[in-house]
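A.B. asks: Attaching a single structure in structure tokens format; questions to follow.
What follows is calculated from the coordinates using simple rules that are stated; it is not laboratory data. Only a predicted model underlies this, so the values are computations on that prediction, with no experimental measurement involved. Cβ placement follows ideal geometry from the backbone for every residue including glycine, while neighbour counts extend to all protein chains displayed.
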Amino acid sequence: MNEQEWRKLRNSRSMLYAERELDPEQPILLSIDKDYASRYDGQVALITAASLFSRMTPSVFLEVPAIKVVPELPWRGLRLRDVAMETMKHADPYAHFDCRDERPGDHTVRLGATSKSRIVHGSGWNIYIGSGDSPISSSNDLNPIGPALSVIIEAGNIFFHAFKVPHVSYMFNALHWTNGILPVSEGVLPEHIDFRKIWTVGTGSVGTSALYFLALTSGIMGLTLFDMDIVKIVNLDRSPMFGALDIGKYKVKVTATFLDNMGIKDISVVEKALHESDLFGKRSHGVPDILISAANELNVRSIIENNLPPLQIYGTTGKSWQASMIRHVPLVDPCSCCLFPDNNHTETACATSKAEAISGEQIDAALPFLSFAAGAMAASEILKTNLSGYPFTDNRTFLNTWGGPRLSQKKLSDREGCICKSRSKIAHRQMITGSKHILLSDRQLLHNR
Ligand SMILES: [Zn+2]
């Protein structure tokens with residue numbers, strides 16, 4: 001396959017979804033100032049931007065000072081510029097990515113807190129995109145969410161406006177999922193987070209994005225991954241983990257290898273659909289703590305709900321240039337089958353109706369920044385479970401990117417006749433006894449009495 005054929009296939013889901021791709025002739029310069037580049041938050045922003053933009057266009061260049069990666073990140077001690085460049089080459093081996101200074105005609109994505117022109121600045125939970133100095137105080141929290149979402153949101157802006165980004169400023173915080181920024185003292189993450197019992201069903205674009213951002217924190221992770229699919233070229237534009245050399249390999253194995261290289265060691269993989277593995281049905285009480293349910297295959301939600309799941313957190317990409325985070329607290333919130341009834345599968349899956357109509361079968365199609373956003377939103381929610389006062393938002397939050405970024409929240413609704421109306425609450429309570437977040441169910445049940 002030559003470069004042109006490869007690129008056409010790689011971008012095919014963007015074309016199905018939005019009938020466009022980024023102009024491959026327009027150079028994008030990812031430029032980061034020395035202060036931001038020497039910090040955890042700035043390095044997360046740069047590496048996320050390198051991964052995302054290199055999956056959208058071959059014309060990406062780096063202007064990165066000679067600085068080493070901070071000890072808190074997986075690539076500690078390596079040169080930041082080299083890590084960003086390797087990240088891009090992993091995504092697209094055909095492109096001629098390079099390091100150089102700014103040139104006339106560049107579309108420069110300026111990462112940092114100070115400049116006369118438009119900047120992209122994320123730190124802690126906060127996000128600022130706009131002109132002039134950033135109103136955000138730098139946080140020393142090892143929280144990748146604000147930095148990652150700041151570049152993801154700007155990528156959506158650039159894509160929607162086809163490089164003619166209007167002079168509009170945005171200030172968001174990802175803790176309350178509202179406009180406006182927070183003091184750095186709010187929502188500080190604990191130093192050592194225990195993520196040793198997270199199971200992920202579906203290691204596609206959203207699942208791998210969620211795991212990628214979690215792996216950038218200081219958490220101790222232990223993971224069990226379920227997915228029956230193999231990596232295809234059409235998957236390369238929307239996952240921060242999949243690379244051109246991974247084609248034809250099981251997604252779970254590629255994900256486990258990528259995480260292993262990020263320093264996450266305790267990973268089990270199941271190369272099967274959930275219904276083909278008895279691991280979930282036969283699991284012990286209290287296992288896992290959190291289920292990231294990021295699969296779309298038929299009936300997966302009813303299999304999960306029939307097996308009395310623990311706290312579920314995941315992200316989805318919607319039909320209207322939208323990414324969302326969804327949370328189901330057991331015994332309290334409407335379940336995932338309330339939202340995704342099986343008989344209505346193709347309407348609710350993360351695909352466009354256009355894509356389905358063309359093929360006559362379900363094809364997952366989303367834009368690269370939407371899948372990254374959905375993963376980052378799910379990761380942010382999982383991080384928040386470690387803060388007192390959790391939860392901070394409704395059980396469904398949205399990032400809308402059509403026309404420019406907007407945040408919103410909308411509670412899930414119960415569905416009459418759903419499986420969750422007839423299953424045993426006593427059995428469900430027993431099944432999740434011993435899981436880390438059972439108090440969340442018990443507290444809210446008491447509160448609702
Ligand atoms: Zn339900």
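A.B. asks: Give the longest segment of the chain that steers clear of chymotrypsin sites (Phe, Trp or Tyr not before Pro) in DSSP loops with at most 15 neighbouring Cβ atoms within 10 Å, not counting the sites themselves.
C.D. replies: 164-401
A.B. asks: Hey, quick one: spin label on residue 103, modelled 7 Å out along Cα-Cβ, who in segment 27-51 has an amide N within reach, i.e. under 13 Å?
C.D. replies: Only 27-29 pass the distance filter.
A.B. asks: Follow-up question, since we're still on this one. For the peptides 266-276, 325-335, what is the packing order when you average, over each peptide's residues, the other Cβ atoms within 10 Å and list the highest mean first? Mind dumping the intermediate values first?
C.D. replies: Working: 266-276: 16.5, 325-335: 22.9.
Descending packing order for the listed peptides: 325-335, 266-276.
A.B. asks: Taking 0.36 nm per residue of sequence separation and subtracting the Cα-Cα distance, how much length would be gained by fully extending the chain between residue 68 and residue 188, in nm to one decimal?
C.D. replies: Result for the pair: 40.7 nm of gain on full extension.
A.B. asks: What FRET efficiency would be calculated for the residue pair residue 284, residue 442, taking the C-beta separation as r and a Förster radius of 22 Å, to the nearest 0.05?
C.D. replies: In this case the efficiency is close to 0.65.
A.B. asks: Any chance you could run the full-extension gain for residue 79 through residue 234? It's 0.36 nm times the residue separation minus the Cα-Cα distance, nm to one decimal.
C.D. replies: Full extension from residue 79 to residue 234 adds 52.8 nm.
A.B. asks: Related question: Which of rounded, prolate, oblate describes segment 58-127, given a ≥ b ≥ c as roots of the alpha-carbon gyration tensor eigenvalues and a/c under 1.5 marking rounded, otherwise prolate only if a/b is larger than b/c?
C.D. replies: Cα axes put segment 58-127 in the oblate bin.
A.B. asks: Still on this model: Length gain on complete extension for the stretch residue 265 to residue 388, per 0.36 nm per residue less the alpha carbon to alpha carbon distance?
C.D. replies: Fully extending the segment from residue 265 to residue 388 adds 41.5 nm.
A.B. asks: Any lysines with Cα under 24 Å of the residue 319 Cα? List them, leaving off those in the same chain fewer than 8 positions away.
C.D. replies: 8, 164, 232, 354, 410, 411
A.B. asks: Residues of segment 241-281 with backbone nitrogen within less than 17 Å of a virtual label 7 Å along the Cα-to-Cβ line of residue 220, please, listed as ranges.
C.D. replies: 263-268
A.B. asks: Each residue of segment 264-280 in order: what ³J(HN,Hα) in whole Hz does its phi give by Karplus 6.51 cos²θ - 1.76 cosθ + 1.60, θ = phi - 60°, with x for Gly and Pro?
C.D. replies: Once θ is set to phi - 60°, the couplings for segment 264-280 become 8, 9, 8, 10, 10, 10, 10, 8, 9, 5, 4, 6, 8, 10, 8, 4, 6 Hz.
A.B. asks: Could you please rank 35, 41, placing first whichever residue has the fewest other Cβ atoms within 10 Å of its Cβ?
C.D. replies: Placing the least packed residue first, the sequence is 35, 41.
A.B. asks: Taking every pair of distinct Cα atoms and averaging 1/r, then inverting, what Kirkwood hydrodynamic radius in Å comes out for the chain? Spell out each step's value before the answer.
C.D. replies: Values: mean 1/r = 0.0456 Å⁻¹.
One decimal place: 21.9 Å for the Kirkwood radius.
A.B. asks: Moving on. Can you give the calculated 222 nm mean residue ellipticity of the chain, where each DSSP H run of n ≥ 4 adds -39,500 (n - 2.57) and the sum is split over every residue, rounded to the nearest 500 deg cm²/dmol? It would help to have the intermediate numbers written out before the result.
C.D. replies: Values: 16 runs with 146 residues, N = 449.
Dividing the helical sum by the residues of the chain leaves -9000 deg cm²/dmol.
A.B. asks: Taking θ = phi - 60°, what integer Hz values does the Karplus form 6.51 cos²θ - 1.76 cosθ + 1.60 yield along segment 111-125, in sequence order, with x for Gly and Pro?
C.D. replies: 8, x, 9, 9, 5, 7, 9, 5, 10, 10, 9, x, 7, x, 8
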